[in-house]
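Q: What follows is a single structure, and I will ask about it in a moment.
The values are calculated or read from the model by the stated rules, or taken from the named source; none is laboratory data. Note that the coordinates shown come from a computational prediction; the quantities given were computed from them, not determined experimentally. So basically every Cβ, Gly included, is an ideal-geometry build from the backbone, and we count neighbours across all protein chains shown.
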Amino acid sequence: MVLSKAVSESDMSVHSTFASRYVRASLPRYRMPENSIPKEAAYQIINDELMLDGNPRLNLASFVTTWMEPECDKLIMAAINKNYVDMDEYPVTTELQNRCVNMIAHLFNAPLGESETAVGVGTVGSSEAIMLAGLAFKRRWQNKRKAEGKPFDKPNIVTGANVQVCWEKFARYFEVELREVKLRDGYYVMDPEKAVEMVDENTICVAAILGSTLNGEFEDVKLLNDLLEVKNRETGWETPIHVDAASGGFIAPFLYPELEWDFRLPWVKSINVSGHKYGLVYAGIGWCIWRNKEDLPEELIFHINYLGADQPTFTLNFSKGSSQVIAQYYQLIRHGFEGYRNIMENCHENAMVLKEGLEKTGRFNIVSKDEGVPLVAFSLKDRSRHDEFEISDMLRRFGWIVPAYTMPPDAQHVTVLRVVIREEFSRTLAERLVLDIEKVMYQLDALPSRLPPPPPPALLVKKKSELETQRSVTEAWKKFVLAKKTNGVC
Ligand SMILES: *Cc1c(COP(=O)(O)O)cnc(C)c1O
């Protein structure tokens, strides 16, 4: 690689403009370079390239935490070299993860005695947590079917079409049929009645979402529980519920303590939550909590012996960092219930400020609910000249990252913009964003429409040349629409 060959010995002694010499040639992208470069140069080159990434704090596309207190940053840096899996060497870290599991299980109303240990595990995120929960359901269902002498080769799982991609991954990776309840106009979460209709003897669980990724709405877990109760009683099946509370698990207990969505409902057997979303920790931590020991089949647990004590583990990964576990413990004890409630109330209020500001423009329909994860999802009332993707593009010029995406079937004709409100998104920023959206709308009004005209109705077209024109317009339209895929939503 030319990179370091271009540097002569004499150049090395000049330090003032150190990195510029190393960037005269393109940076290595395919092969590791032959020679070393000074650490300062490596730092500057990489740091400079990273400047082109978006600003995480203005990334309104994501639920994932982008700010923590400096004291916690210190703890994170101090633990950056600790491998979580070395439980023998780092027993305190293991203990902190167990304390987090206990606290979160209590938060979700697990049926536990005051000093009883909860059943749960720290993971890399909700996706890993969901794989584990899904595996536990699958194994439990298989064991039951085997004991009954019935076939156990066609497991299925019932969800709404609004599920996060990790459920599709679970279904594909672990060979479980995914049965999705379709959405419809104006109703963007799983309909519990339709979900229970889809349940059969091969259903390993119904997955409900507390805080749909698409519009933040809470699904009606209580109704689902009650309907399943009836069906289970009638059929003798024991179809359980998993709640994907990736985003809502740290919202509902603080803002809607009366809402029954968790282990208060008897058919809820496991719950996942992302520590790195409203758990307020940087990316890399999630939790899976089971109701009881019986809900987590023993054969899935591996036992590691640490300091003479048995440490059960159930994860997909072996090695991983410890920092996130420590940071989660920090947040739980630093804020306490009171602190989390304050933060979540603040997020909710800021979401309402943004919502009201958007409503005042008269240009948008709001598709998120006031009760739910603090986010505002909205779509254009009039899409005849411009669409939500253009608004998303233009907001980038103001530094805002606001994704636009189409809804899943059968509401795929609906496009929404979504702004997630996190702890660090202040009232001032919310007001500023409304102003910038108004500016964008003003600029768009002054621009010619970028949308190709929709194809004319085929019946009215008679001449061959007209038919050809129609075909090419239709193709252009299709291409245009297809290019607008959902992206960057997590
Ligand atoms: C974010 C999210 C996930 C995936 O969680 P990760 O922690 O990013 O792995 C799953 N389900 C829902 C509802 C989510 O919002």
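Q: So if I check each of Lys277, Lys269, which one is away from the ligand (no atom under 16 Å from the Cβ), under 22 Å from Ser126 (Cα atoms) and either without any contact (Cβ under 8 Å) to a residue 40 or more places away in the chain or crowded, with 22+ Cβ neighbours inside 10 Å (or both)?
A: Being away from the ligand (no atom under 16 Å from the Cβ), under 22 Å from Ser126 (Cα atoms) and either without any contact (Cβ under 8 Å) to a residue 40 or more places away in the chain or crowded, with 22+ Cβ neighbours inside 10 Å (or both) holds for just one of Lys277, Lys269, which is Lys269.
Q: Collect the residues in region 125-160 that are more than 10 Å from the ligand (Cβ to nearest atom) and assigned to a loop (DSSP other than H, G, I, E, B), keeping them in residue-number order. Don't jump to the end; show me each part of the working.
A: From region 125-160, those more than 10 Å from the ligand (Cβ to nearest atom) are 132-160; that's our starting set.
Matches in region 125-160: Glu148, Gly149, Lys150, Pro151, Phe152, Asp153, Lys154, Pro155.
Q: I've got another one for you. Being within 15 Å of the ligand (Cβ to nearest atom), out of contact with any Pro (no Cβ under 9 Å at 6 or more places or on another chain) and at negative phi is the filter here, so list the residues in region 194-240 that pass it.
A: Those that are within 15 Å of the ligand (Cβ to nearest atom), out of contact with any Pro (no Cβ under 9 Å at 6 or more places or on another chain) and at negative phi: Ala207, Ile209, Leu210, Ser212, Thr213, Asn215, Glu217, Phe218.
Q: Between residues in region 109-130 that are among the polar types (S, T, N, Q) and residues that are assigned to a loop (DSSP other than H, G, I, E, B) and within 16 Å of the ligand (Cβ to nearest atom), which pairs lie under 6 Å by C-beta distance while being six or more apart or on different chains?
A: Here the result reads Asn109/Asp262; Ser126/Ala246, each pair linking region 109-130 to a residue that is assigned to a loop (DSSP other than H, G, I, E, B) and within 16 Å of the ligand (Cβ to nearest atom).
Q: Could you check how many residues of region 62-119 are within 16 Å of the ligand (Cβ to nearest atom), of a type outside the set (A, V, I, L, M) and outside the structural domain of Tyr282 (by TED's automatic domain parsing)?
A: Residues flagged as within 16 Å of the ligand (Cβ to nearest atom), of a type outside the set (A, V, I, L, M) and outside the structural domain of Tyr282 (by TED's automatic domain parsing) within region 62-119 amount to 4.
Q: Let me ask something else about it. Which condition number in (1) more than 23 Å from Leu228 (Cα to Cα); (2) more than 16 Å from the ligand (Cβ to nearest atom) is the one that Lys169 fails?
A: Among (1) more than 23 Å from Leu228 (Cα to Cα); (2) more than 16 Å from the ligand (Cβ to nearest atom), Lys169 violates only (2).
Q: Sticking with this one: Checking Glu217 against (1) touching a strand residue (DSSP E or B) at 6+ places or on another chain (Cβ under 7 Å); (2) under 11 Å from Ile241 (Cβ atoms), which single condition isn't satisfied?
A: (2)
Q: Now a separate question. Would you check if Pro312 is part of a strand (DSSP E or B), away from the ligand (no atom under 13 Å from the Cβ) and touching a Phe, Trp or Tyr at 6+ places or on another chain (Cβ under 9 Å)?
A: So Pro312 passes the test.
Q: Go through (1) modelled with pLDDT of 95 or more; (2) outside any helix (DSSP H, G or I) and name the single condition Asp86 misses.
A: It fails just one condition, (1).
Q: Run down Val181, Val243, Val163, Val189 and say which single residue is away from the ligand (no atom under 13 Å from the Cβ) and in contact (Cβ under 8 Å) with a residue 12 or more places away in the chain. Spell out how you get there, then give the answer.
A: Working: Val243 fails: away from the ligand (no atom under 13 Å from the Cβ); Val163 fails: away from the ligand (no atom under 13 Å from the Cβ); Val189 fails: away from the ligand (no atom under 13 Å from the Cβ).
After applying the criteria, what remains is Val181.
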